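The values are calculated or read from the model by the stated rules, or taken from the named source; none is laboratory data. Worth saying up front: this structure is predicted, and the values here are computed from it rather than measured. Methodologically, a virtual Cβ is constructed for each residue, glycine included, from the backbone with ideal geometry; neighbour enumeration extends over all protein chains shown.
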Amino acid sequence: MKNIKQKLIKLFKEGYCTPQIARIAKKIKEPSTTIHYNIKKLEKECVLKAYNAVFDYKKIGLGYCTYLFIRLNTDNYGKSESIAKQIAKSENVESVDIVTGQYEIIVKLRCKDSDDYYAFMQGLLKKYGIAKAFSMTSLKQVKTEFVNL
């Protein structure tokens, strides 16, 4: 059989997952049609924005997780949202938040290893005029996306 694992992982990361309506119906003891109707309503109201898979990142080659705290230089200080949106386009970036405090942006980054992280950082520092970057590497994730690991 053809191995399409990487193609599936890429699609799942982009939100190509669907709710298991029959399983939900059984769990909350409601008809599948009621579940389907309510899910569609939540989607239409933009309450549900995407369906995502929860991965064991080590098994898909992205086990090196780093939280990156970014302080922009004075020339880019007012551009935090546009810079955050550009950073978010990278396939290694899991999340980007604009925050208050000592830093303007926090990035959750998934890489293969420290070399992959270093290459990402080199590109980031050159491209966005960052005054300071501070990082913390996750040693073990215990809970993600409301799932205990």
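With respect to residue 106, is the statement that it is touching a residue at least 60 places away in the same chain (Cβ under 8 Å) and assigned to a strand (DSSP E or B) true? No.
If you go through region 3-62 and pick out every residue that is small (Gly, Ala, Ser), free of Cβ contacts under 8 Å to residues at least 12 places away in the same chain and within 22 Å of residue 146 (Cβ to Cβ), you end up with 2. Candidates are the residues of region 53-75 that are assigned to a loop (DSSP other than H, G, I, E, B) and out of contact with any Cys (no Cβ under 6 Å at 6 or more places or on another chain); the one that is farthest from residue 16 (Cα to Cα) is 73. Exactly one residue out of 85, 40, 49 is in a helix (DSSP H, G or I), among the basic types (Lys, Arg) and at pLDDT below 95: that is 40.
For region 114-149, the tally of residues that are in a loop (DSSP other than H, G, I, E, B) and over 19 Å from residue 13 (Cα atoms) stands at 5.
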